[in-house]
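Everything below concerns the one structure shown next.
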Amino acid sequence: MSLDLTLIWAFLIATAVFLYVAMDGFDLGIGILFPAVSAKADRDVMVNSVAPVWDGNETWLILGGGGLFAVFPLAYATILPALYMPLILMLLALVFRGVAFEMRFRMVTARGQLWWDRAFSWGSYVAAFCQGIALGALVQGIRIDGRAYAGGWWDWLTPFSLLTGAALVVGYGLLGACWLIWKTGGELQIRAYRLARPLGLATLLLIAIVSLTMLVLSIPFRERWLSFPGILVGAPVPVLVGLLALRFQRALERREELMPFLCALGFFLLSYIGLGISLWPMIVPPDITIWAAATHPSSQAFLLAGAAVLVPMVLGYTAYVYWLFRGKVTPESGYH
């Protein structure tokens, strides 16, 4: 039986997108939590905790976007016009946030420091919110005529996309709080514990609301999740989310350090799996499948040969950086 290169590429790009969400999520979450932490020393520790990894985290966003362009050109040509505004705002926010990340350490006045801190936080909020809006607009479906986008300029702006935007901001805030629990100590860690509990509850509540709204909005989703045999595939997901929520609560009560972060990542992974179950095999809902959007198999094979070399290198380098900068971040840990 021959390999289905389209399926391999779909899995590879989906994995890259999840790795971006998981890794850059806690990074953006640090900025989202800035308003809850006012002391300069604590904010410095927060930024220093992600300083060695924050720019490398976005490698996976490039891989996901580049892979979509190269392997699924029809999907790329359809999604981009539909989501130009939120995606452009997201990229501008990421650039703005990156500049603020560097400049906040260069300021010699308290006022300058404050404004670059605000810029770092604003960029984090806008980037996370726009990512959530883009996700919601994609899930709701993109209108096409033949092989071209046929929707309007503002189709991406709906109550559901605003809901998913808010949900992602809260979820990234949870990742940021759990990252601080793992990587910091003292009063900052105690504050992170306090923030993690309400953020965890809000994240679970929003996961439930988004999931139920998807069932109401889409007949295919409803049939996929509530009819046989689809219910056998989907039923374990909410059960596992519930069990993970109990483990998360216990980890906070016992003051465990790594487990809350792993549980938060688990919430995102299970939500991502649930989304995959809902959309499969569509890459541009409701009409374009991964096979309809894919380029020629010879092009996929050529690109896969390069990815087979590049992706392990990126994974190895990423793992090495995280291992190299393992351990707690203290006020004495500097970024210059």
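The values are calculated or read from the model by the stated rules, or taken from the named source; none is laboratory data. It should be emphasised that the depicted structure is a prediction, and the values quoted were computed from it without experimental measurement. Backbone-built Cβ (ideal geometry, glycine too); neighbour counts: all protein chains shown. Only protein heavy atoms, including side chains, enter the accessible area calculation; ligands, DNA and RNA are left aside. Shrake-Rupley method; radii C 1.70, N 1.55, O 1.52, S 1.80 Å.
The Kirkwood hydrodynamic radius of the stretch 1-121, based on inverse pair distances between different Cα atoms, is 16.3 Å. Computed with a 1.4 Å probe over protein heavy atoms only, the accessible area of residue 179 comes to about 10 Å². Our note on the geometry: Cα centres of the stretch 19-47 and the stretch 286-303, 38 Å apart.
Remark: the chain projects, on average over all directions, an area of 18.0 nm² (convex hull of Cα atoms).
Here the label points at residue 280 and residue 299, each 7 Å from Cα along the C-beta direction, are separated by 2.6 nm in the simple model. Projecting label points 7 angstrom from Cα along Cα→Cβ for residue 107 and residue 317 puts them 3.2 nm apart. Atom-type composition of the exposed protein surface of the stretch 168-307 places 73 percent of the accessible area on carbon and sulfur (1.4 angstrom probe).
Membrane-span-like helices in the chain, defined here as complete DSSP H runs extending at least 20 Å along the helix axis by their C-alpha atoms with mean Kyte-Doolittle hydropathy no lower than 0.0, are 5-32, 84-103, 110-140, 159-183, 186-217, 236-253, 259-279, 297-324; this is a sequence and geometry rule, not a statement about a membrane. Based on alpha-carbon atoms, the Kirkwood radius and the radius of gyration of the stretch 192-336 give Rg/Rh equal to 1.07. Tell me, Kirkwood radius of the stretch 249-308 from alpha-carbon pair distances, in Å? Its Kirkwood hydrodynamic radius stands at 14.9 Å.
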